[in-house]
Amino acid sequence: MLETFNFRVIVEYLPLFLKGLGATAWISLVGLIGALLVGIAACMGRISGWRALAAPVVAYIELIRSTPLLVQIYFFYFGLPSLGLRMSEYQTGILALSLNSGAYMAEILRAGVQSIPQGQTEAGVAFGLSYLQRLRHIILPQAIGATIPPLLGQTIVLVKDSALLSLISVFELTRASQLMTSERFMPAEGFLTVAVFYLLIYYVLKSLSAWWRRRLVHRRA
Amino acid sequence: MWRFYFDQLYQTLPFFLKGLWMTFAVSGISLVLGTLLGFAAGIARASRYAWLRYPLHFYVDVMRGTPYLVQIFIVFFIFPEWGIQMTAFVAAIFSLTLYAGAYICEIVAGGIESVPPGQAEAAKATGLSPYQRMRRVILPQAMRVILPPLVGQYVLIIKDSAIVSVIGITDVTRVGWLTVQRIPEGLMVFGLVGILYFSICYPLIRLANWFERRMCDEGARL
């Protein structure tokens with residue numbers, strides 16, 4: 001199996017892989033920021049208790065969660081031009097990624113906010129704090145700690161999902177291996193190397209999440 | 001123009017239903033096999049044998065740490081190099097089963113670990129065999145924790161099965177991709193594809209939510 005594995009080709013193509021890794025990191029970072037913004041907005045809309053706002057947000061979340069990301073990517077990629085919107089593959093991909101992850105982030109944030117007992121809000125009201133002050137000083141400091149691990153979990157999913165952008169010819173890590181494979185016809189070297197890179201990102205994020213969990217327990221104790 | 005394309009799309013509807021059937025077949029077979037694999041791996045991972053636990057940890061990490069797209073490329077393009085030939089359909093099911101098995105393994109292991117150790121000890125004291133302990137005492141209690149995320153995981157796997165379209169399996173996603181080459185109305189074509197997925201996944205999500213509520217209630221009653 002491995003005796004035919006050609007490490008020299010991997011070294012030769014290392015700059016391409018590193019460029020792909022950088023592109024994946026960049027796309028994931030921008031996608032993450034977009035997803036957090038969408039998620040915070042959707043979460044606030046959903047728990048606002050204002051039906052006209054909550055209903056469309058719920059519809060958005062359920063629609064995203066019930067359809068595959070690949071279909072969403074194609075929907076935007078093939079669909080936006082017919083609306084007269086011209087976007088680059090990068091923008092389309094990041095848009096799809098942000099909207100997709102945003103729906104999951106919204107649910108995670110909602111679970112975090114709702115895990116805080118009602119009495120906390122009531123106490124804030126009794127102190128005469130405004131809505132924003134309650135959010136800033138009472139709800140968020142408590143909610144954020146517990147939501148960081150699931151948010152990091154969603155970030156791992158986001159990084160892996162960004163591989164799908166290679167299918168609309170966005171250059172990133174998976175695309176780099178496809179390029180190498182088509183030039184040299186060595187799928188084993190290309191795809192296995194890329195898998196190792198993804199695994200590295202996964203382990204970094206996973207240990208970050210574990211570290212935060214430990215810290216959380218210490219702080220509570 | 002929209003009207004014209006709509007009629008065309010309506011005519012290709014049988015093609016979409018065929019694709020839907022393919023999605024059903026691929027994800028259904030993989031889910032059944034993946035559940036079997038996941039339960040076996042999960043029970044082994046929750047055991048006290050390190051030589052079972054560590055390789056399974058690694059398997060789960062590899063499956064969860066790499067994109068499914070890369071996994072299916074590895075199975076479909078590299079395995080033939082190593083002398084393992086398979087058709088696209090078999091490759092899709094093989095890779096999706098391995099992928100599903102890893103996630104289900106984690107869910108099952110988590111469920112088993114949530115059962116208090118006193119239960120297993122009591123069952124042992126009653127003289128039940130290891131198989132009986134698992135089958136009659138531990139799993140029935142663990143199922144309460146396992147079932148809601150398991151159904152949720154099924155939804156994720158069905159959605160991930162869209163990725164098998166890249167190796168030429170004509171599932172709904174690929175039918176949409178082929179259709180959009182002739183009917184250049186992406187919103188309409190992939191709107192339809194989305195509706196078809198929605199009709200499968202949304203009821204399952206509701207089912208998972210229902211399980212979750214019911215299991216919580218039962219827990220509270222204890």
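The values are calculated or read from the model by the stated rules, or taken from the named source; none is laboratory data. The structure displayed is predicted, hence computed values, not measured ones. Using ideal geometry, Cβ is built from the backbone for each residue, glycine included, and neighbour counts are taken over all protein chains shown. Note: accessible area is taken over every heavy atom of the protein model, side chains too, but ligands, DNA and RNA are not part of it. Shrake-Rupley method; radii C 1.70, N 1.55, O 1.52, S 1.80 Å.
Tabulated data for the structure shown
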read-out: Residue check for B:Thr87: within 30 Å of A:Pro68 (Cα to Cα) and surrounded by fewer than 14 Cβ atoms within 10 Å (Cβ to Cβ); value: yes
read-out: Selection status of A:Ser177, in a helix (DSSP H, G or I), in contact with a helix residue (DSSP H, G or I) (Cβ under 9 Å, 6 or more places away or on another chain) and more than 12 Å from chain B (Cβ to nearest Cβ); value: no
read-out: Meets criteria (farther than 24 Å from A:Val157 by Cβ and crowded, with 18+ Cβ neighbours inside 10 Å) for B:Ile43; value: yes
read-out: Residue in region A:154-167 that is open to solvent by 40 Å² or more (accessible area, probe 1.4 Å) and not in a helix (DSSP H, G or I) present; value: no
read-out: Among residues of region A:110-153, those that are over 24 Å from the mean Cα position of the chain (by Cα), surrounded by 13 or more Cβ atoms within 10 Å (Cβ to Cβ) and of a type in the set (D, E, K, R), counted; value: 1
read-out: B:Leu20 being more than 13 Å from B:Ala92 (Cα to Cα) and surrounded by 14 or more Cβ atoms within 10 Å (Cβ to Cβ); value: yes
read-out: Elements of type helices (runs of 4 or more DSSP H) in region A:5-118, at least 1 residues being away from chain B (no Cβ under 14 Å) and within 30 Å of A:Thr193 (Cβ to Cβ); value: A:7-12, A:14-47, A:89-114
read-out: Failed item in (1) in contact (Cβ under 8 Å) with a residue 40 or more places away in the chain; (2) acidic (Asp, Glu); (3) out of contact with any Leu (no Cβ under 9 Å at 6 or more places or on another chain), with B:Glu121 passing the rest; value: (1)
read-out: When residues of region A:99-146 are limited to those that are of a type in the set (Ser, Thr, Tyr) and modelled with pLDDT under 90, the one farthest from A:Tyr60 (Cα to Cα); value: A:Ser130
read-out: Output for region B:178-201, where each listed residue is facing chain A (nearest Cβ under 8 Å), free of Cβ contacts under 8 Å to residues at least 24 places away in the same chain and within 23 Å of the chain's Cα centre (by Cα); value: B:Phe190, B:Gly194, B:Phe198
read-out: So B:Phe94, is it open to solvent by 70 Å² or more (accessible area, probe 1.4 Å), away from every other protein chain (no Cβ under 11 Å) and assigned to a helix (DSSP H, G or I); value: yes
read-out: Residues that are part of a helix (DSSP H, G or I) and over 18 Å from A:Ala195 (Cα atoms), drawn from region B:81-90; value: B:Ala88, B:Phe89, B:Val90
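For (1) touching a residue at least 12 places away in the same chain (Cβ under 8 Å); (2) among the basic types (Lys, Arg); (3) more than 30 Å from A:Gly79 (Cβ to Cβ), each residue gets a yes or a no:
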| residue | (1), (2), (3) |
| --- | --- |
| A:Tyr90 | yes, no, no |
| A:Ala103 | yes, no, no |
| A:Ala106 | yes, no, no |
| A:Pro117 | no, no, yes |
| A:Gln120 | yes, no, yes |
